[in-house]
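Below: the structure, in structure tokens.
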Amino acid sequence: MLFKLAFRNILRNRRRSVMSIGAIAVGAIAMVLFGGFVAIIILGVQTDTVRRTGHLAIYRDGYFTFGSGNPAAWGMPGYRDILDMVKQDPVLAPMIEVVTPTVSLFGIAGNFAVEASRTFMGAGVVPGDRDTMRRWNPYHLTYNNAADSGLDGADPTKGVVGTGLARILGLCEALKLGECPPPQAKEKPDSPLATDIADLADSEKAANAEPADTRPHIDLLAATAGGAPNVISMVVTRADRQGVKELDDAMVLMHFDLAQQLLYGRGEKRAIAIVLQLHSTSDMPVAKARIAEVIRAKKLPLEVRDFIEISPFYGQVTGMFGAIFTFIASIMGVIVLFTVVNTMGMSVMERTAEIGTARAIGLRRGGIRRQFLLEGMILGAIGATAGILLGIGIAIIVNRSGLTWLPPGQSAPSPLAVMVDGMWKLHGGIWIGLMLMTTLAALLPANRAARLPVVDALRHV
Amino acid sequence: MTDPTPAVRLDAVEKTYAEEGLRVTALAGITADIPRGRFVMIVGPSGSGKSTLLNLIGCIDRPTSGSVEVAGQKIADLSDDALTDFRARAVGFVFQNFNLFPVLSAFENVEYPLLLLGLSARVRRERTMAMLDQVGLADQAKQRPNQLSGGQKQRVAIARALVKGPSLVLADEPTANLDSANGAAIIELMRSVQRQHDTSFVFSTHDPQLMSHADETFSLRDGRLVGHHVAETV
């Protein structure tokens with residue numbers, strides 16, 4: 001009877017109830033759409049980050065904090081043993097998608113045929129492993145990224161550069177990039193550094209005595225672990241646009257062997273990091289804890305970092321969108337709160353005599369309170385359910401609309417999408433949140449109704 | 001053997017209100033016993049304190065001083081919830097404006113007090129239908145109040161007041177919103193069901209024509225009891 005009475009009272013003033021339900025539904029729609037959009041962005045950034053950096057990286061202890069300025073000095077000797085240890089660990093093995101060594105390095109990239117040079121940030125990776133990492137897509141997101149890394153496992157001399165670096169080094173036309181700068185008159189080099197690098201490159205080529213290669217290539221100069229300068233030549237197979245201009249102007253991706261050769265010359269070959277990509281991000285805390293446990297148990301001078309630490313951009317993006325979502329949800333919550341307070345307040349005022357009658361007949365104060373709370377909850381349940389269903393419907397239409405946009409940190413447009421599948425936690429949270437909000441909103445008028453003196457309530461016209 | 005406890009015992013009952021800083025005395029030192037199983041009328045002009053007295057007898061208000069005892073229960077001893085539960089069991093109300101719940105049907109309105117007593121659906125249904133039949137509205141059970149005439153609404157209200165078998169039924173000017181024919185019919189009905197259920201009926205009126213129906217009449221003026229008349233037939 002309580003439910004029947006509450007439901008019929010809601011239908012009593014249909015226009016007012018429809019307005020309240022509409023306000024709640026609009027709040028739910030906004031939260032479903034924006035929440036789904038934020039989820040897609042966060043998962044997109046996560047996917048992109050994990051494709052580049054993996055989930056976890058094992059470094060020499062202290063590298064993450066102090067070593068990035070001089071990676072060569074922080075190489076891990078015997079890294080193959082660490083690789084084997086990770087691969088064979090019974091806890092880690094089932095979680096791992098890829099485990100691969102990498103080398104990070106800095107230096108100067110030059111195309112001395114056109115007398116151009118630029119500092120570069122390089123990464124040496126195992127091409128097959130890198131290609132597998134780039135295919136990681138557990139959330140089934142649509143991406144325009146190249147499926148492969150552009151490296152050749154069989155030819156360590158091949159590498160990829162950022163489009164900005166390719167243009168700076170005069171490879172624009174050779175790589176058919178478009179937006180190429182006009183040709184400039186050739187000037188004699190006046191920089192002693194450039195002359196030195198050119199001499200070094202020439203001496204390296206002479207030493208290798210290779211036949212003339214017409215493929216676009218650059219020379220990379222870096223300091224070895226011992227501090228001596230070292231130069232290698234890299235064939236540029238492709239230029240890939242990077243999402244951040246600074247990276248686009250400096251990125252060199254090369255074969256792991258080539259990077260080792262540049263960084264360690266004829267010395268002992270090391271890796272700067274062992275990168276682990278897991279099947280699922282949800283396994284990351286367990287995997288990280290396991291690696292830390294093994295490091296402690298074997299007293300290895302290593303540390304393990306996750307991609308959230310390695311790529312602060314991910315944390316910044318999730319934090320920013322989380323804050324925006326909270327802000328929007330708060331505004332919607334306040335609107336719902338005031339709407340329901342107003343609706344229930346009007347209802348209490350109109351039904352004061354009925355409240356007095358029910359109390360006179362024998363309904364306790366708690367019964368009156370429950371009655372109005374139930375009405376608020378029913379309004380909330382109908383509004384939240386309708387809003388979530390409408391929000392999902394709109395999301396499906398948006399997902400099929402074919403609209404695109406450029407997500408943060410991406411180099412190519414992605415489909416404008418709102419996540420719907422697997423969002424039951426968000427949708428459930430929205431539903432429960434709105435129910436709590438409407439119940440809270442009904443509490444004040446419900447208490448006012450319950451506290452009305454019976455005689456005064458009966459006298460109310 | 002009949003229970004000697006009166007349906008209502010009033011002992012030096014006073015009720016005052018503070019209105020705009022002024023103390024207004026609604027009832028001043030009312031002392032009276034209303035016997036069980038009687039059809040009692042409280043009469044007096046407007047502002048004489050009839051409704052205030054009915055509110056106290058109906059346990060929906062408390063006296064400023066003095067004691068009110070209903071069916072042997074001193075209402076001052078009860079908490080708000082206990083007093084509410086007492087009303088649910090022992091007191092029925094018939095209001096001048098009918099006060100039916102507009103969203104409930106006639107059946108549901110009559111059933112409502114039984115829900116508060118926690119009775120089973122079967123018992124509720126049987127009692128409700130029997131009561132509606134007694135007031136002549138069995139065929140109107142599904143109608144909402146806005147589909148009933150004034151007389152029919154008051155019949156539903158009477159059924160609602162009596163369905164739980166209270167020891168006391170209070171009616172505050174139950175015929176005030178009815179035409180004279182309907183008013184007379186309602187008084188006849190109340191008299192009839194009061195006899196059948198052997199319930200104590202107390203109702204207020206300022207219509208002297210209705211006084212002939214009462215077993216006992218209490219007259220109020222300016223908050224004071226100025227007369228008590230017992231019918232010769234009692």
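Structure notes:
- For the range A:217-226, the condition holds for at least one residue, the condition being that it is farther than 12 Å from residue A:103 by Cα, among the polar types (S, T, N, Q) and either touching a Phe, Trp or Tyr at 6+ places or on another chain (Cβ under 9 Å) or surrounded by 22 or more Cβ atoms within 10 Å (Cβ to Cβ) (or both).
- When residue A:188 is tested against (1) at pLDDT 60 or above; (2) loosely packed, with under 13 Cβ neighbours inside 10 Å, exactly one condition is not met: (1).
- Taking the range B:89-119 as the range and being in contact (Cβ under 8 Å) with a residue 24 or more places away in the chain and not hydrophobic (A, V, I, L, M, F, W, C) as the test, the residues that pass are B:89, B:92, B:96, B:97, B:99, B:102, B:105, B:109, B:111, B:112, B:113.
- Qualifying residue in the range B:155-174 (condition: surrounded by fewer than 19 Cβ atoms within 10 Å (Cβ to Cβ) and farther than 23 Å from residue B:55 by Cα): no
- Residue check for residue A:398: in a helix (DSSP H, G or I), assigned by TED's automatic domain parsing to the domain that holds residue A:26 and β-branched (Val, Ile, Thr): yes
- For the range B:159-172, the count of residues that are within 14 Å of another protein chain (Cβ to nearest Cβ) and among the hydroxyl-bearing types (Ser, Thr, Tyr) is at least one.
Conditions tested, residue by residue: (1) surrounded by fewer than 19 Cβ atoms within 10 Å (Cβ to Cβ); (2) in contact with a strand residue (DSSP E or B) (Cβ under 8 Å, 6 or more places away or on another chain); (3) within 19 Å of residue A:64 (Cα to Cα).
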{"position": "A:234", "(1), (2), (3)": "no, yes, no"}
{"position": "A:248", "(1), (2), (3)": "no, yes, no"}
{"position": "A:272", "(1), (2), (3)": "no, yes, yes"}
{"position": "A:276", "(1), (2), (3)": "no, yes, yes"}
{"position": "A:285", "(1), (2), (3)": "yes, no, yes"}
{"position": "A:291", "(1), (2), (3)": "no, yes, yes"}
{"position": "A:298", "(1), (2), (3)": "yes, no, no"}
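- Residues within the range A:373-390 that are within 14 Å of chain B (Cβ to nearest Cβ) and either buried (at least 23 other Cβ atoms within 10 Å of the Cβ) or closer than 15 Å to residue A:448 by Cβ (or both), tallied: 1
- Of the strands (runs of 3 or more DSSP E) entirely within the range B:148-234, those holding at least 1 residues that are among the aromatic types (Phe, Trp, Tyr) and within 16 Å of the chain's Cα centre (by Cα) occupy B:200-205, B:216-221.
- Residues that are touching a residue at least 12 places away in the same chain (Cβ under 8 Å) and away from chain B (no Cβ under 14 Å) within the range A:343-371 comprise A:343, A:344, A:345, A:346, A:348, listed in sequence order.
- For residue B:131, the conditions (1) outside any helix (DSSP H, G or I); (2) more than 19 Å from residue A:8 (Cβ to Cβ) all hold with the exception of (1).
- Those residues of the range A:382-400 which are of a type in the set (Val, Ile, Thr) and either closer than 11 Å to residue A:30 by Cα or touching a residue at least 12 places away in the same chain (Cβ under 8 Å) (or both), in sequence order: A:382, A:385, A:388, A:392, A:394, A:396, A:398
- Take the conditions (1) in a helix (DSSP H, G or I); (2) within 14 Å of another protein chain (Cβ to nearest Cβ); residue A:445 misses just one of them, which is (2).
- Cβ pairs under 6 Å, 6+ apart, first in the range B:120-144 and free of Cβ contacts under 8 Å to residues at least 60 places away in the same chain, second of a type in the set (Asp, Glu) and in a helix (DSSP H, G or I): B:124/B:111; B:128/B:111
- Residues located in the range A:355-372, provided they are crowded, with 23+ Cβ neighbours inside 10 Å and either closer than 22 Å to residue A:437 by Cα or among the hydroxyl-bearing types (Ser, Thr, Tyr) (or both): A:357, A:368, A:371, A:372
- Restricting A:283, A:249, A:306 to residues that are in contact (Cβ under 8 Å) with a residue 60 or more places away in the chain, within 23 Å of residue A:79 (Cα to Cα) and within 23 Å of the chain's Cα centre (by Cα) narrows the list to A:306.
- All helices (runs of 4 or more DSSP H) inside the range B:46-125 with 1 or more residues being surrounded by fewer than 18 Cβ atoms within 10 Å (Cβ to Cβ), more than 8 Å from every other protein chain (Cβ to nearest Cβ) and out of contact with any strand residue (DSSP E or B) (no Cβ under 8 Å at 6 or more places or on another chain): B:80-90
- Any hit, the range B:10-30, residues being of a type in the set (Phe, Trp, Tyr) and touching a residue at least 12 places away in the same chain (Cβ under 8 Å): no
- Cβ-Cβ under 8 Å pairs, at least 6 apart or on other chains, the range A:1-30 side among the hydrophobic types (A, V, I, L, M, F, W, C), far side outside any helix (DSSP H, G or I): A:5/B:101; A:5/B:103; A:5/B:104; A:11/B:103
- Any chance residue A:19 is more than 29 Å from the chain's Cα centre (by Cα) and either closer than 30 Å to residue A:426 by Cβ or among the aromatic types (Phe, Trp, Tyr) (or both): yes
- In the range A:1-57, the residue that is surrounded by the fewest Cβ atoms within 10 Å (Cβ to Cβ) out of those that are within 14 Å of chain B (Cβ to nearest Cβ) and outside any helix (DSSP H, G or I) is A:1.
- Some residue of the range A:91-106 being in a loop (DSSP other than H, G, I, E, B) and either at negative phi or not charged (D, E, K, R) (or both): yes
The values are calculated or read from the model by the stated rules, or taken from the named source; none is laboratory data. All values derive from a computational prediction rather than experimental measurement. Positions of Cβ are backbone-derived with ideal geometry, glycine not excepted, and every protein chain shown enters the neighbour counts.
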